[in-house]
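Here is the structure we will look at, set down as structure tokens.
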Amino acid sequence: MTYKTGLFTIFVAVSMMTAGISAVNIADAAKPQQTIEISNGFPSGEHHNMNIHGKKDGFSGCDDAGGSSIFTPEYGVGTIEFVSNRKASLDSLTALDKCTESFDGDSAKVQLPYENEGYYVFWRILAKPSNGNTGDPSSVLLYPNMDLFTACNDNDGTGQVIDGFDGFTSCEDQNAEGISPLGVITKDGTILDPDGEELQRFGDSSNGKGKSKAIDITDMFLWTGVACDDTVDLDGDGQITLADFDLTGDGIVDIADMELLGLSDVFALIDVDGDGIIESPDNGSGTDELLELLKNVSGCQVFDEPTWIFTIADLVIHGFDYENNGSKLTQIRFYPVDTTQFIR
């Protein structure tokens with residue numbers, strides 16, 4: 001299965017992390033745990049703040065870029081793209097497009113300053129205490145939109161940098177013909193768990209009593225897999241599959257192909273089940289041999305541990321579908337990992 005997204009292609013094969021709020025435990029950052037549990041749920045310290053405002057049909061305040069607020073329907077689904085450019089000099093979160101599709105025909109887009117170690121991410125619902133349509137608590141569902149995940153590097157595949165790349169907010173920006181696209185191997189074609197996370201304004205209460213606490217959604221921005229540039233697509237068909245490594249043209253990938261690739265010395269490690277042939281997707285042993293092959297191929301980078309998604313390439317765009325059910329205001333905070341204090 002292959003998903004194409006402009007200059008970036010997602011190829012099915014390996015492992016992934018799961019979205020949620022449990023795998024990365026950062027609730028004790030800065031404030032003592034007991035303080036966080038009885039307060040607003042946010043760590044203290046340096047952060048970028050982003051506000052998502054739920055608006056009624058006909059909202060028209062979409063023209064000017066800038067600021068840290070975006071606008072989406074109070075009821076319905078909108079798409080939010082997060083952009084990070086390693087080469088950019090941006091120092092604050094900036095709305096490039098303030099409105100989602102319902103208001104201006106395209107996704108909202110926010111550029112996040114690049115951080116080598118990434119961010120911890122928390123969010124909570126504020127403002128309107130209840131869903132005006134039903135009287136139930138207002139809620140928001142946030143889940144990854146894989147079709148918007150694109151990535152590219154600041155070179156043409158030979159190390160030649162691209163003029164003006166530091167100002168790019170898309171892999172398809174003008175004068176980017178030489179850009180080096182990436183391919184990514186992931187299990188079942190997914191980057192993150194698509195189930196998403198639901199956030200309610202007031203737990204069991206719909207009368208406005210009580211506080212909404214921030215929750216940790218950092219895992220929804222983490223990723224595990226193999227990123228390969230387009231030079232690994234040896235047959236030039238836009239996909240990275242075993243066919244790229246059948247250099248002898250006999251319909252199988254075996255030791256003869258590995259010799260041509262200079263990988264004969266590690267063939268035994270790649271051929272996990274020892275049958276003399278590299279197979280994919282799963283060979284029945286619980287290990288994907290294509291993944292093992294790619295780990296040894298020049299042009300691929302392996303991310304074995306959950307990695308901040310915006311650090312896997314020079315320019316990364318990652319999108320979420322934001323399903324709103326009555327929320328007037330949702331707040332998301334990004335805390336730089338390297339400046340957020342942990343209390344153990």
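The values are calculated or read from the model by the stated rules, or taken from the named source; none is laboratory data. Nothing here was measured: the structure is a model prediction, and the numbers come from that model. Because the Cβ atoms are built from the backbone with ideal geometry, glycine has one as well, and the counts that use them run over all protein chains shown.
I'd like to check something: does the stretch 234-247 contain any residue that is more than 30 Å from Asp314 (Cα to Cα) and modelled with pLDDT under 95? Yes, some residue in the stretch 234-247 is more than 30 Å from Asp314 (Cα to Cα) and modelled with pLDDT under 95.
Among the residues of the stretch 99-121, those identified as in contact with a Phe, Trp or Tyr (Cβ under 6 Å, 6 or more places away or on another chain) and within 24 Å of Lys56 (Cβ to Cβ) are Cys99, Phe103, Val110.
Only residues that are touching a helix residue (DSSP H, G or I) at 6+ places or on another chain (Cβ under 8 Å), crowded, with 23+ Cβ neighbours inside 10 Å and closer than 22 Å to Leu112 by Cα were counted across the stretch 290-319, and they come to 6. One residue alone among Val226, Val253 is under 29 Å from Ile278 (Cα atoms), at pLDDT 85 or above and surrounded by 22 or more Cβ atoms within 10 Å (Cβ to Cβ), and that residue is Val253. Residues of the stretch 64-93 that are farther than 19 Å from Leu329 by Cβ and of a type in the set (S, T, N, Q): Ser84, Asn85, Ser89, Ser92. Please determine whether any residue of the stretch 67-87 is out of contact with any Lys or Arg (no Cβ under 7 Å at 6 or more places or on another chain), under 21 Å from Tyr119 (Cβ atoms) and among the hydrophobic types (A, V, I, L, M, F, W, C). Looking through the stretch 67-87, at least one residue is out of contact with any Lys or Arg (no Cβ under 7 Å at 6 or more places or on another chain), under 21 Å from Tyr119 (Cβ atoms) and among the hydrophobic types (A, V, I, L, M, F, W, C).
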